[in-house]
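> Here it is, the structure, as structure tokens.
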Amino acid sequence: HVNNCSSQIVNQFGVKGGIIYTGFNSSDDEVLNSISSLNLISFDLGIYAELFDFRYFNMSTELHYIVKGERNSNAFLVPLRENTSQGNVWTFKYINDTYHYLSLHLLPRYKFLLTNEDKLYLFGGPRFDFRIGNTNSESENSIHVSNFKLELGGTLGIGGQFRDVLLMELRFEYNFTPTYQFEYGQEKTTRNHNTISFLLGVNLRKVMRLDL
């Protein structure tokens, strides 16, 4: 009875991986110029478990390791005004922000059945990104950015599962929590990293039942 109950709750499990394209959402920011040249193409690796197996609905719980940020080292020069004996002097400091995260996703899915083993689905839900490190320099010429932070966001996407084994997904992921903030002059700037990703996945539960 325990095994039957478990199999009904965990319908399938597997791995996912793919590429991420990072974009920006920034407020009160006069520093950003030609930001499209700075966008990072990186990677996403994750595991998932699909809960329940209703005809048109289920829930995907996922844990991913992802990298977001800019592709250029010391991509941004931030002007900072300092008061000296000779008056106000403008200096510049770097932000080099490529961030590493463990990301937890809770994604309800609505399914469109094509055959017994093929389906399309729409999904969306909250995500919790736990920052576990970044490549920002700690030199005197850089702005400090914390290695650890919880960021909240949301995920929307469309996907398909074929032969009940192969998954393909296109996702848009929006960050509600600023990745970082800093002040220059009289301005306080916040920047968010938003992403578009394309993932491929494998249903390991189905694979382990195949006669290989």
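> Within the set of other residues whose C-beta is less than 12 Å from the C-beta of residue 163, count the net charge using Lys and Arg as +1 and Asp and Glu as -1.
In short, -1.
> Another one. Highest first, please rank the peptides 153-166, 56-69 by the mean number of other Cβ atoms sitting within 10 Å of their residues.
56-69, 153-166
> Report, in listed order, any pair from 16/119; 119/206; 68/119; 68/206 with a Cα-Cα distance greater than 27 Å.
From 16/119; 119/206; 68/119; 68/206, over 27 Å: 68/119; 68/206.
Quick note: the coordinates plus some simple rules give every number you see, no bench work behind them. Keep in mind the model is a prediction, meaning the values are calculated, not measured. For neighbour counting, all protein chains shown are included, and Cβ atoms are generated from backbone atoms with ideal geometry for every residue, glycine included.
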